[in-house]
Amino acid sequence: MTVTLKKVARRAGVSPSTVSRVLSGHPNVKEETSRKVKEIMEELGYTPNIIAQNLVLRSTNSICVLLPRPAEKLFSYLFSMECMSGIVAQASRLGFDILIASGANEQEELEVVSRLLKGGRADGVIVLSSCKEDAVIQFLKSNSYPYVLFISE
């Protein structure tokens with residue numbers, strides 16, 4: 001059975017908004033109340049709803065990594081593997097998840113990146129191989145999405 005924020009609030013004898021404030025680290029919650037709510041969360045095995053939090057924060061904590069074409073060859077190169085390993089490790093340290101995307105051609109790449117960003121599933125993109133004039137880069141620039149362009153020659 002799922003443990004909800006409301007169940008935690010009931011058990012702690014506080015309002016759901018107080019539990020929400022505890023989760024966000026709001027400074028207007030008494031230390032004793034915060035400690036009690038955290039203990040009950042632990043006891044009940046409460047896990048915050050990441051999707052709900054992301055809606056409130058307007059952030060996904062996810063980064064799209066757009067693989068170069070053809071994506072199948074990326075993992076056969078040692079440098080590419082090292083690069084992906086570094087991206088994943090650093091993203092994890094910073095609390096970000098990685099979404100890997102690819103396309104068979106420029107149009108498919110544009111569609112997947114557009115879908116992820118406009119759909120609120122990613123906060124930005126790391127483009128692993130492209131050129132400055134490519135449609136994906138133009139889309140990212142024109143919509144002011146954060147991105148990193150990695151060009152390997």
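Against the test of being among the aliphatic types (A, V, I, L, M) and either under 11 Å from I63 (Cα atoms) or in contact with a Pro (Cβ under 7 Å, 6 or more places away or on another chain) (or both), the options L110, L140, L117 yield a single qualifying residue, L117. Taking first residues from region 20-32 that are open to solvent by 90 Å² or more (accessible area, probe 1.4 Å) and partners that are part of a loop (DSSP other than H, G, I, E, B), the Cβ contacts under 6 Å between residues at least 6 apart in sequence or on separate chains come to R21/V29. For region 1-18, a tally of residues being modelled with pLDDT of 90 or more, within 13 Å of P48 (Cα to Cα) and among the β-branched types (V, I, T) returns 1.
The values are calculated or read from the model by the stated rules, or taken from the named source; none is laboratory data. Here the structure is a predicted model, which is why all the values come from computation and not from measurement. Glycine also receives a Cβ, built like all others from the backbone with ideal geometry; neighbour counts cover every protein chain displayed. Heads up: the accessible areas ignore ligands, DNA and RNA and are worked out on the full protein's heavy atoms, side chains in. Shrake-Rupley method; radii C 1.70, N 1.55, O 1.52, S 1.80 Å.
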